[in-house]
Structure formats: structure tokens, C-alpha cells
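Notes follow once the structure below has been shown.
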Amino acid sequence: QVQLVESGGGLVQPGGSMRLSCTASGMIFSIYDMDWYRQAPGTQRELVATISVGGRTNYADSVKGRFTISRDNAKNTVYLQMNSLKVEDTAVYYCNAERSFLVSENYWGQGTQVTVSS
């Protein structure tokens, strides 16, 4: 069974940094595009960053220049390095694996809380 597990969240001060990890199992990790989403209470889930199977990356305007997504296929892990954190970055962060070929596949992790506060 496919499982994605996020880790690395917690409390951080504004301007600080944090690195999230998402480790996958039960899937051929290298053939999936990987995404990071986030959702704050009462808001819609927002796509933060994506990295394709070929390593192509894209970022939401709100995080571009501050966040970096990367992947290590040997470790079945995708990372989100977050720098210069702002209060508005506070959310539950989720990783997502997606693949579309004949049929669409999406798998979600349970999420990890990131709180940016003084």
C-alpha cells in the first residue's frame, strides 16, 4: 500500500528556516511527480511547490525565492527547504505524489504542522 509520511514540522520564528521531508513507500517513487501543498484553517489547500520526475521545479509566487523543493530518488524522499519564513507560512504541509498515464494517481501524506510565530 502506498504511504507518504511527512516530518520536520514544528515551531519556528519569523525569518527562520525549516526543512520538511516526505518519505514514500509502496510505490515506484522515481516515476511520480512530487508536490508540496499547504493548508491553513479555514483556507483552501494551496500548491506550494512541485518537482517532476525529471527534476523540473515550480513554485507558488508566495514562496518563490524562499523555498526550495528537491528529491532523492535513492531515498524515496522529497524535501522542502523553507527559508525566511513568514507568519503567513503557518499551515499544515502535505506532500503529494501524482502520476497521469491512462489513469490519474494521487497519494497524500498525513501532513505536518508548521507554525511560524514569535
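The values are calculated or read from the model by the stated rules, or taken from the named source; none is laboratory data. Keep in mind it's a predicted model, so treat the numbers as computed, not measured. We place every Cβ from the backbone using ideal geometry, glycine too, and count neighbours over all the protein chains shown. Accessible surface areas use protein heavy atoms only, side chains included; no ligands, DNA or RNA. Shrake-Rupley method; radii C 1.70, N 1.55, O 1.52, S 1.80 Å.
Structural remarks
- Each DSSP beta bridge with both residues in the chain is either parallel or antiparallel, and the antiparallel ones are about 95%.
- Karplus-based coupling profile of the stretch 30-45, in residue order and whole Hz: 5, 9, 10, 5, 10, 10, 10, 10, 9, 8, 9, x, x, 10, 6, 5, with θ = phi - 60° in 6.51 cos²θ - 1.76 cosθ + 1.60 and x standing for Gly or Pro.
- A Förster radius of 35 Å combined with the Cβ-Cβ distance from Val53 to Ser118 puts the calculated FRET efficiency at roughly 0.35.
- The residues of the stretch 49-107 expose, per residue, 54 Å² of accessible area to a 1.4 Å probe.
- Couplings 3J(HN,Hα) of the stretch 51-63, computed from phi: 9, 7, 4, x, x, 6, 10, 9, 9, 5, 4, 5, 10 Hz, in residue order, whole Hz [Karplus 6.51 cos²θ - 1.76 cosθ + 1.60, θ = phi - 60°; x for Gly and Pro].
- For the stretch 64-74, 3J(HN,Hα) computed residue by residue from phi via the Karplus equation (6.51, -1.76, 1.60; θ = phi - 60°) reads 4, x, 10, 10, 9, 9, 8, 9, 10, 5, 5 Hz, glycine and proline entered as x.
- Fully extending the segment from Asp72 to Arg19, taken as 0.36 nm per residue of separation minus the present Cα-Cα distance, adds 17.7 nm.
- Over all pairs of different C-alpha atoms in the stretch 13-118, the reciprocal of the mean inverse distance, the Kirkwood hydrodynamic radius, equals 14.1 Å.
- Share of carbon and sulfur in the accessible heavy-atom surface of the stretch 39-118 [1.4 Å probe, %]: 48 percent
- Extension gain (nm, one decimal) between Asn106 and Ser84, 0.36 nm per residue minus Cα-Cα: 4.9 nm
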